[in-house]
Structures are given as C-alpha cells and as structure tokens.
Amino acid sequence: MKPGFGTRLSARLESGEPVAFIGIYDVLSASAAAKQFEGLLVQPSAFAASHYGTPDVGFMAWTEIATFVRRLRALFPDKHIVVDLDNGCGDNDVLCHALSLVEKAGASGVILGDQERADGFLTRLARVLKLRRELFVIARTVAAGLETIAGRVTSFTEAGADAVLVEHAGSLRTIAVVAAAAPGRLAIRQNDEEDAVSFTLAELRRAGASIAIYANPCFAAAEQAIRAAVTSLTQTDGLLADAPAMAGTSYAVALAARATAKAARPRPSYPWTAPAHLSAR
C-alpha cells in the first residue's frame, strides 16, 4: 500500500534538504508556486481575504478549506500540502474537527501554535497527536529569546510534534543552537515584515533547519499587482499602460502601434488546465 501524504512528507525530510512551503490562497497561486517548489501552505487568512474580503475572524467554514485542499490534492498529487490551523481554532473541539477534515481531504500536515502560552498548548498538542492518523504535525511557537525558544522546541519535540516552527528565530546562531539542543525537525518562518531577517535555504540547512515557511508571498504580490494595475488605468483615463496614447498621430498609426504592443504583451498562462496526470486520462 502506498504511504499516506504525512508519511511521504516525513520521509522526504530525511534527505536533509530543506522543504520550502509557499503560502497560497487559490488554484492560480498554487499553480504558480507548484512550478517552483514542492511544498504548498494553505493560509486561511489569505483564503478569507480573497474569498470574503475580510480578516480571518470566523466567517470562514473549515469545510471550505477542506474542499480547497481536496481540489489542490487532485491537481497536485505529488506536492506536500500543509494547512495552517492557528486562526479560527481557539476551541479544541473545533481544532480537532478541522484537523480531521483536512486530513481526509489529502493534507500532508498542519500547523498549530502556542499563541505565547506553552502550558495549555501541550494539552491541545497531545489531543491532536492522538486524533491524527498519519498527519504531519508542526507545532508553532511565537516565543522570542534563545532560552525561551529552546525550551519550547524541546518541550514540543518531547511531546511528540513532528516538527517545531520558530516564528522569531532572529539569527542563524539562534537556529543552530536550538537545532543542536533539541535534535529533530526544525521549521523557520521566513518573515517579510519590516526589519525582519530571512535566510537562504542553504543557510538554513547548515544551521540545522529542515523546513522554511513563506506565509504570504503570493497574496502580497497579487494584491500589489492588482492595485498597481487599476491605479494605472485611472491615471491613464482607461488606456492600457502598454498601449501608447499616440497623440497627434493618425488613427491608423495609433491602431497599428496598439496591435504591436498587444502582440508583444505576454498572455496569462493557466497551467492547471491540463496537468500531466489529468490529461493522460
């Protein structure tokens, strides 16, 4: 029998090469990320923003996330898909319900966090580990400071977490010290916040980390591009930016210039229309 998705992710990490998980929020962003990386991170916050135009404050049903995961799994059967379960799962029963839904939908793993407190989190973690079948469980800590981070990593690892995600590592030295003090899989959040530090995958590997989390690069890029595109249209009174106004030229010359610009403009690609495993059927 073929191993499940969580087992496959666990086996992949044994290679020693870090796996980068790219935050995605729809099939288009997932398709773009899947061309470059083997890990996809389902971010409910970006999903809620793109589907509802609101922060992730409870409007979203976990059945919707599970449906999204199922769609991703059908399109990307060989990718590692991790779902962030932090927001919207303050209640332990809700957390367990969400976990069961996404595992059945084909998720490889989940992330759940301590939200600055480790005591109550260990109870949640134990319940999740007992409930999961073979889901890869990443325990997140938002603690800061080497001593506190090391303590959380050790505690969560001993409790049975498959990996521990450090949100605020700060330096390669901190990563190396934590990795040495608590052998096991270490995940690092690559922060894009102002003044935050990020590292290359090679640096993370040498320091002892095996997972890199990129939370929202796709959503942030899409939002910026959309704002720029609509702003450009307003500034040009509706004229496409790559079509010259051609003021003072004849209509025929302007039309020819517009056609040339349009032909040179790359057309959007929709890579999910014919994935290899689907088109072969």
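Note on the range 1-44: residues that are of a type in the set (A, V, I, L, M, F, W, C) and touching a His at 6+ places or on another chain (Cβ under 9 Å) total 5.
A residue that is more than 15 Å from the chain's Cα centre (by Cα), among the hydroxyl-bearing types (Ser, Thr, Tyr), surrounded by fewer than 18 Cβ atoms within 10 Å (Cβ to Cβ) and part of a loop (DSSP other than H, G, I, E, B) cannot be found anywhere in the range 65-80. The residue pairs whose first member lies in the range 198-209 and is touching a residue at least 12 places away in the same chain (Cβ under 8 Å) and in the same structural domain as residue 22 (by TED's automatic domain parsing), whose second member is of a type in the set (D, E, K, R) and part of a loop (DSSP other than H, G, I, E, B), and whose beta carbons are closer than 7 Å, counting only pairs six or more residues apart or on different chains, are 205/17. Within the range 12-35, the residues that satisfy the criterion of being farther than 22 Å from residue 206 by Cβ and either in a helix (DSSP H, G or I) or out of contact with any helix residue (DSSP H, G or I) (no Cβ under 9 Å at 6 or more places or on another chain) (or both) are 27, 28, 29, 30, 31, 32, 33, 34.
Just checking, which of 216, 191 is of a type outside the set (Lys, Arg), out of contact with any Cys (no Cβ under 9 Å at 6 or more places or on another chain), buried (at least 19 other Cβ atoms within 10 Å of the Cβ) and in the same structural domain as residue 19 (by TED's automatic domain parsing)?
Exactly one residue qualifies, and that residue is 216.
Among the numbered conditions (1) in contact with a helix residue (DSSP H, G or I) (Cβ under 9 Å, 6 or more places away or on another chain); (2) among the hydrophobic types (A, V, I, L, M, F, W, C); (3) surrounded by fewer than 24 Cβ atoms within 10 Å (Cβ to Cβ), the only one that residue 144 does not meet is (1). Scanning the range 165-188 for residues that are crowded, with 16+ Cβ neighbours inside 10 Å and within 18 Å of residue 15 (Cα to Cα) yields 179, 184, 185, 186, 187, 188.
The set of residues from the range 198-221 being more than 25 Å from residue 137 (Cβ to Cβ) and either part of a strand (DSSP E or B) or over 18 Å from the mean Cα position of the chain (by Cα) (or both) comprises 202, 203, 206.
Step by step: first the residues of the range 1-11, then only those that are out of contact with any Gly (no Cβ under 8 Å at 6 or more places or on another chain) and in a helix (DSSP H, G or I), then the one that is nearest to residue 79 (Cα to Cα). Which residue is that? Within the range 1-11, the match that is nearest to residue 79 (Cα to Cα) is 8. Pairs meeting the criteria (first residue in the range 15-40 and over 10 Å from residue 218 (Cβ atoms), second residue basic (Lys, Arg) and part of a helix (DSSP H, G or I), beta carbons under 6 Å, at least 6 apart or on different chains) are 18/205.
Considering 184, 170, the condition of being over 30 Å from residue 48 (Cα atoms) and either in the same structural domain as residue 30 (by TED's automatic domain parsing) or in contact with a Pro (Cβ under 9 Å, 6 or more places away or on another chain) (or both) is satisfied by 184 alone.
The values are calculated or read from the model by the stated rules, or taken from the named source; none is laboratory data. Predicted, not measured: the structure shown is a model, and the values here were computed from it. Ideal geometry is used to build each Cβ from the backbone, glycine not excepted, and the neighbour counts take in all protein chains shown.
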